[in-house]
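A quick write-up on the structure given underneath.
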């Protein structure tokens, strides 16, 4: 006599079990993190800055970058400064008290002081000032690019600045149609500038207020 009862199915092993959503998200995040270059991670840390306002020490930076030793941080800083110089950026990495800090170049000091003064009058948070500064010098720029440079998601702050009329958005007609941010005439009025050409570049020095 044959036994026609169905053969019990084995439960999938741990290796065969389908991954839940959290596992998939974690794997995706790890893959994304692994694709980021050491210099990009260092740049994000420098932009965010130390919670106490202290310079970023090589040991602290190396502790957050896989496979990088403290003595290699100086070379990564050199890569960043070379890229900033080639792109004529208004900021650079400086060495202070055994560590590193991302700062505006000295010739941009007067503009920074003016910007912060006007921003305080407009009751903008420090995070909003940081985002507005990035857009001013790198426009057009996407939310992802701003977030990468700040080290934090910035979509909410960008939306706030759009609502306040300091930024505007556009979408290019061709793919990828990612929203890009620009400063507005109201931004120029806030800083008392005639045009974006009045933002200092290269070795120009902006006169004080």
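Every number here is computed from the coordinates shown, using simple stated rules; none is lab data. The structure presented is a predicted model; accordingly, all values stated were derived computationally and were not measured. Note that we place each Cβ from the backbone using ideal geometry, even for glycine, and neighbour counts take in every protein chain shown.
Remarks
- Modelled FRET efficiency - R0 35 Å, residue 184 with residue 79, Cβ distances, 0.05 increments: 0.55
- Taking label points 7 Å from Cα along the Cα-to-Cβ direction, residue 87 and residue 195 give a separation of 2.5 nm.
- Taking all pairs of distinct alpha-carbon atoms in the stretch 36-104, Kirkwood radius in angstrom: 12.0
- Sequence-separation-based contact order of the stretch 36-104, relative, with Cα cut under 8 Å and 6+ spacing, percent: 34
- Percent of alpha-carbon pairs separated by more than 18 Å within the stretch 107-198: 42
- Linear extension gain, residue 107 paired with residue 160, 0.36 nm per residue minus alpha-carbon span: 16.1 nm
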